[in-house]
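The values are calculated or read from the model by the stated rules, or taken from the named source; none is laboratory data. Keep in mind that what you see is a predicted model, and the values were worked out from it rather than measured. Here Cβ is always computed from backbone atoms with ideal geometry, including for glycine, and neighbour counts include all displayed protein chains.
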Amino acid sequence: MKRHIVKIRNSALPRFLQKNKKYAPILFFIGGFIFDSLTLGRIDRLYDLTVLCLHMSALTITLYLFNLADDGKWKNTFLGRFEAYFPLAIQFFFGGLSSAYVIYFSRSVSLSKTASFFVILVALFLANEFLKKRISNKYLQFSIYYFISFTFFAFMIPVFLRDMGHLIFICSGLISLGATLSLITIIYRKSPSTRAEVHLGKLISLILAIYVTINVFYHFKLIPPVPLALQTGIVAHDIEVKNNEYTVTFEQKKQFIFWRDYRSKFVRTPNKPVYIFSSVFAPTALEKSIIHRWQWYDANRDEWQTFDNISFKIKGGRNEGYRGYTYKNNVKPGLWRVEVITQEELVLGVIDFEIITDPNEKPQRLVTRIY
């Protein structure tokens, strides 16, 4: 066994890490990100659930091992031989869990919503730069851990309970808060170096501030209603449903426009309705009411006026999302948007367009697709 460990320590990987010591933490962070990007698909798959649970468990254990290493806890033990790899393992799991959340958030077509998480992801990369010196900043270390833990439970609990809403989100936050504070308390009690470096009251206050901030964001509908995601949103000229297939006819956008499928200038055919088609991903067996909120922009008042709230139920399990559509005949020319929201008015996405009723204009680049 000893020979085997010596062989590992003298192998190419340790030499590479020693040579690139400055960049090793960020490389492991990116490595975890790439690993999950290539392997994860949907939150309710057994593989995805297993990987995320293993990542979260391993991150928690490694944080415990790392924070006790400065006290010589693992000296002359089997674990002591791998102390140098604890920070890199933490970076890998940080990156892996972050990438998983990006994958699930990016299922939505609403850039305005997924962008919020990408901003947080950038913050994680910046934090990683501060953490790379043996992850010495414990305040930052546990703050990132708590954010990742909160997001983990916000995804997982609705999947297991097959339900979601305000109460479940609050419970997710409380469970993650309890788990994080328990880990901090255990480490604080067992690690003299942590007690010397960290003021427990300050650290707990910081964690509580993050908890309150996330809940404030949720209250003001700045966080998408995970694990739901709007996958497709289209303003269409015609929709036909036959044999469980939705045939959608719409004006296709120009090739360089990558963030939506449809042309935003909708040339309305006289006396024909305007359709909105959407597909919403939800985990298997999760049922939820979805609302299409039709709004028209009143330029004189400089405000959006709500014309209709049309709801329908969705049931999770379909990889491409649960399909549904609404339509209106009585529409005005001008700017419109249809918000795809939950009963709690959490926004999944926004389908915006401009209705043109000029008889001299004709629909452009009409296409028909089956969903």
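Within the stretch 350-365, residues that are in the same structural domain as I291 (by TED's automatic domain parsing) have Cβ atoms under 8 Å from residues that are of a type in the set (A, V, I, L, M, F, W, C) and assigned to a loop (DSSP other than H, G, I, E, B) in these pairs: I355/V331, counting only partners at least 6 apart in sequence or on another chain.
Of all residues in the stretch 305-314, one or more are in contact with a Leu (Cβ under 9 Å, 6 or more places away or on another chain) and outside the structural domain of Y104 (by TED's automatic domain parsing).
Does any residue of the stretch 221-240 turn out to be at pLDDT 95 or above and loosely packed, with under 13 Cβ neighbours inside 10 Å? Yes, the stretch 221-240 contains a residue that is at pLDDT 95 or above and loosely packed, with under 13 Cβ neighbours inside 10 Å.
For the stretch 179-195, what are the residues that are polar (S, T, N, Q), buried (at least 18 other Cβ atoms within 10 Å of the Cβ) and at pLDDT 95 or above? Answer for the stretch 179-195, where residues must be polar (S, T, N, Q), buried (at least 18 other Cβ atoms within 10 Å of the Cβ) and at pLDDT 95 or above: just T180. For residues that are crowded, with 18+ Cβ neighbours inside 10 Å and not hydrophobic (A, V, I, L, M, F, W, C), scanning just the stretch 43-72, find the one that is farthest from I90 (Cα to Cα). Per the stated criteria, the residue is D44. Here Y322 passes the criteria (1) at pLDDT below 95; (2) touching a strand residue (DSSP E or B) at 6+ places or on another chain (Cβ under 8 Å); (3) farther than 19 Å from V241 by Cβ; (4) hydroxyl-bearing (S, T, Y) except the one numbered (3).
The residue list F130, F125, F93, F117 contains one member that is of a type outside the set (G, A, S), part of a helix (DSSP H, G or I), modelled with pLDDT under 65 and closer than 30 Å to G316 by Cα, which is F117. Cβ separations smaller than 9 Å between residues 6+ apart or across chains give the following pairs from the stretch 61-74 residues that are more than 16 Å from S182 (Cβ to Cβ) to residues that are in a loop (DSSP other than H, G, I, E, B) and among the aliphatic types (A, V, I, L, M): F66/I135. Would you call F250 of a type in the set (A, V, I, L, M, F, W, C) and free of Cβ contacts under 8 Å to residues at least 60 places away in the same chain? When the stated conditions are applied, F250 does not pass them.
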